[in-house]
Amino acid sequence: MPTRIVLADDHGVLRAGLAALLNAEPGFEVVGEASSGEEAVRVAVERRPDLVLLDVSMPGIGGLEATKLLKEKLPRTRVLILTMHDESALVRQAIAAGACGYIVKRAVDSELINAIHAVERGELYVHPALTRALLGDRSGTPHAAEASALTKRECGVLRLLAVGYTNRQIGEELGVSVRTAETHRANIMDKLGLKSRVDLVRWAVREHLID
């Protein structure tokens, strides 16, 4: 079965281009389009897609509020934010609202397909240029809320996981083996009672562990 996608953007020309790009990709099918936040929710409820590709700046309620409504009404439908805004604050807000990914429009050609595949696997995808901004200047510094549960090293690993680092990248960043990074990840998920990377990211946002 193809991945069924609803496109939501107030620019018709962009929607047409995205639809052509996605429909030409094996395994993807665009099943609906919308030009506002309210319409995105309505169309998604009607079509029950696997994924909604959603702009932040649209008429009406906008993309962030639409994301919250979509997650309430269709909890199994994943939301991927596609926007011109490359601000880390918006990334945090989108993740907190329930989005599983955030990419910028200027990178559509190189990133979109990879981003969709990532969120299909249950991963969080954030535009690479934004990951360092999200980390801010506190890498490895534990927040008070998790200090009693996690070690300082685990807090550092958690923050890297939250902004999309793989186990291999974490190992390279911290100077440890991939196996050690995997162990830290397993311990973190177990201590915090989390089941997926998306759960982990939302926890990190809620606890202000990423800036």
In this structure, is residue 115 within 22 Å of residue 49 (Cα to Cα), in contact with a strand residue (DSSP E or B) (Cβ under 8 Å, 6 or more places away or on another chain), in a helix (DSSP H, G or I) and in contact (Cβ under 8 Å) with a residue 12 or more places away in the chain?
yes
For the range 37-62, how many residues are at pLDDT below 90 and small (Gly, Ala, Ser)?
3
From 211, 137, which residue is assigned to a loop (DSSP other than H, G, I, E, B), at pLDDT below 80, more than 30 Å from residue 29 (Cα to Cα) and out of contact with any helix residue (DSSP H, G or I) (no Cβ under 8 Å at 6 or more places or on another chain)?
137
Among the residues of the range 194-208, is any surrounded by 19 or more Cβ atoms within 10 Å (Cβ to Cβ), at pLDDT 70 or above and small (Gly, Ala, Ser)?
yes
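The values are calculated or read from the model by the stated rules, or taken from the named source; none is laboratory data. These figures come from a predicted structure and were not determined experimentally. Glycine also receives a Cβ, built like all others from the backbone with ideal geometry; neighbour counts cover every protein chain displayed.
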